[in-house]
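Everything on this sheet refers to the single structure shown next.
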Amino acid sequence: GKSGYDHYMLKEINEQPHALRECLRGRPRELEGSIEIDELEGLERPAHVHFVACGTSYHAALYGARLFREQGIRTNTFLASEYDVDSIPVDETTLVVGVTQSGETADTLRALRAANRIGAETLSVTNVVGCSAARETDYVMYIRAGPEIGVAATKTFASQQVALAMLSRALTGASSSGFIEALRALPDQVQSILDTSHAAAVADEYVDADAYFFIGRGYNAPVALEGALKMKEITYKHAEGFPAGELKHGPLALVTDRTPVFAMLPGDSTAEKMLGNVREVESRGAPIVAVTDVPAQLGSHADHVLEIPDTHELFAPILSNIQLQLVSYWVANRLERSIDKPRNLAKSVTVE
Ligand code: F6R
């Protein structure tokens, strides 16, 4: 059941501390200072990784791919429906990673099967034990989020992000102690966001907006896309997410005083350029909601602040996304949408 929550989505958002503890269980090894994923024994550092995924899982893959590149591994990330092995160089030296919560998404399965035929090594990162993706790939890593009933992917996205972060280090043998420590702090930090978030008040203020924009840079660009996807799928309102630098290449034309902009503003190397982008939208009158771990520093540039705890630069997107999930949930709730079963969507999409 829904354990007293009005919707599975809210229940699953609140299950994230537990889901992340499960995802982490036994994998970071303090003593050795390494990350071990037992089910991947024998899988070695790949020369080249292709990620294939759809929807929310694609956003997790975009985030994960960046963590691999940071370790010097060449990556490409594909929407699974666009993965055409006849026109994309892929061979036995490529590890093709299917990121799929359900393990049953037709586009992703097709891409993985094509990779198998070429002779590439294949790995699925999935939530469902014994799913089709797990059966059809050489390796499988489980994200251990527990069953997700709500159509909108929430806890599985957080668990995918954490799983891919661990995978990037497990395959390269390079995890600093700061990385492991910060990983292990995430469940409690997610809990503190759930306990203190003002997302419902922000949702109330902007429930009548014409559209919602989400911007972020670098590691935070994928959660801008995810924030927008979640918003449109459960509220049925127009929402768009961009890597912030793209705004001035067209989308700024849509920004008005009726389009709140959610800006991922962690106090990291992206902050200065992000503030430049915030000024661009502010001068069009757009209300700004800053998602930040340094509210004292950056909060004054915004109309509202959604605070996240201080974390390793690489993990801010995992925490920021929790706030975005809550905003979407509360906007949809105020609009009395069918949150757990939004129109025109299925939990797993088994047609190409
Ligand atoms: C969004 C959502 C979809 C799925 C997509 C892939 O909330 O649920 O975008 O993420 O259909 O599904 P999986 O991960 O099962 O392959």
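The values are calculated or read from the model by the stated rules, or taken from the named source; none is laboratory data. For clarity, every value in this text was computed on a predicted model and none was experimentally measured. When we count neighbours, we look across all protein chains shown, and the Cβ atoms used for this are built from the backbone with ideal geometry, even at glycine.
Just checking, how many residues over the range 139-162 are under 28 Å from Leu319 (Cβ atoms), in contact (Cβ under 8 Å) with a residue 60 or more places away in the chain and away from the ligand (no atom under 12 Å from the Cβ)?
8
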Condition (residue is more than 9 Å from the ligand (Cβ to nearest atom), hydroxyl-bearing (Ser, Thr, Tyr), in contact with a Gly (Cβ under 7 Å, 6 or more places away or on another chain) and part of a loop (DSSP other than H, G, I, E, B)) applied to the range 127-138: is it met by at least one residue?
yes
With the checklist (1) in a loop (DSSP other than H, G, I, E, B); (2) under 17 Å from Asp303 (Cα atoms); (3) out of contact with any strand residue (DSSP E or B) (no Cβ under 9 Å at 6 or more places or on another chain) in hand, flag the one item Ser269 doesn't pass.
(2)
Working only within the range 213-268, note down all residues that are of a type in the set (S, T, N, Q) and either within 23 Å of Cys54 (Cβ to Cβ) or free of Cβ contacts under 8 Å to residues at least 40 places away in the same chain (or both).
Asn220, Thr235
Any residue that is away from the ligand (no atom under 16 Å from the Cβ), of a type outside the set (Ser, Thr, Tyr) and free of Cβ contacts under 8 Å to residues at least 12 places away in the same chain - is there at least one of those in the range 334-343?
yes
What are the pairs, 6+ residues apart or on separate chains, where a residue within the range 78-100 that is over 12 Å from Thr122 (Cα atoms) and touching a residue at least 60 places away in the same chain (Cβ under 8 Å) has its Cβ under 9 Å from a residue that is within 16 Å of the ligand (Cβ to nearest atom) and part of a loop (DSSP other than H, G, I, E, B)?
Ser81/Cys54; Ser81/Glu352
Residue within the range 95-116 that is away from the ligand (no atom under 16 Å from the Cβ), buried (at least 24 other Cβ atoms within 10 Å of the Cβ) and within 19 Å of Leu164 (Cα to Cα) present:
yes
Do the conditions hold for His48, that is, is it surrounded by fewer than 20 Cβ atoms within 10 Å (Cβ to Cβ), within 30 Å of Val90 (Cα to Cα) and at pLDDT 95 or above?
yes
If I go through the range 89-111 residue by residue, how many of them are in contact with an Asp or Glu (Cβ under 9 Å, 6 or more places away or on another chain), under 18 Å from Gly64 (Cα atoms) and assigned to a helix (DSSP H, G or I)?
0
Output the residues belonging to the range 82-112 that are touching a strand residue (DSSP E or B) at 6+ places or on another chain (Cβ under 7 Å) and at pLDDT below 95.
Val90, Thr93
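Per-residue answers, yes or no, for (1) farther than 17 Å from Pro317 by Cβ; (2) over 22 Å from the mean Cα position of the chain (by Cα):
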residue: Gly216; (1), (2): no, no
residue: Ala228; (1), (2): no, no
residue: Glu233; (1), (2): yes, no
residue: Pro243; (1), (2): no, no
residue: Leu252; (1), (2): yes, yes
residue: Asp257; (1), (2): yes, yes
residue: Met264; (1), (2): no, no
residue: Ala271; (1), (2): no, no
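Among the residues of the range 12-61, what is the count of those that are in a helix (DSSP H, G or I), within 16 Å of the ligand (Cβ to nearest atom) and either without any contact (Cβ under 8 Å) to a residue 40 or more places away in the chain or among the small types (Gly, Ala, Ser) (or both)?
As a first pass, look at the range 12-61 and keep what is in a helix (DSSP H, G or I): 12-14, 16-24, 38-40, 55-61.
Now restrict to residues that are within 16 Å of the ligand (Cβ to nearest atom): 12-13, 16, 19, 23, 55-61.
From what is left, the residues that are either without any contact (Cβ under 8 Å) to a residue 40 or more places away in the chain or among the small types (Gly, Ala, Ser) (or both) are 19, 55, 57, 60-61.
Matching residues across the range 12-61 total 5.
Just one of Ala163, Ala174, Ala221, Ala152 is within 17 Å of the chain's Cα centre (by Cα) and outside any helix (DSSP H, G or I); which is it? Steps first, answer last, please.
Working: Ala163 fails: outside any helix (DSSP H, G or I); Ala174 fails: within 17 Å of the chain's Cα centre (by Cα); Ala221 fails: outside any helix (DSSP H, G or I).
Being within 17 Å of the chain's Cα centre (by Cα) and outside any helix (DSSP H, G or I) holds for just one of Ala163, Ala174, Ala221, Ala152, which is Ala152.
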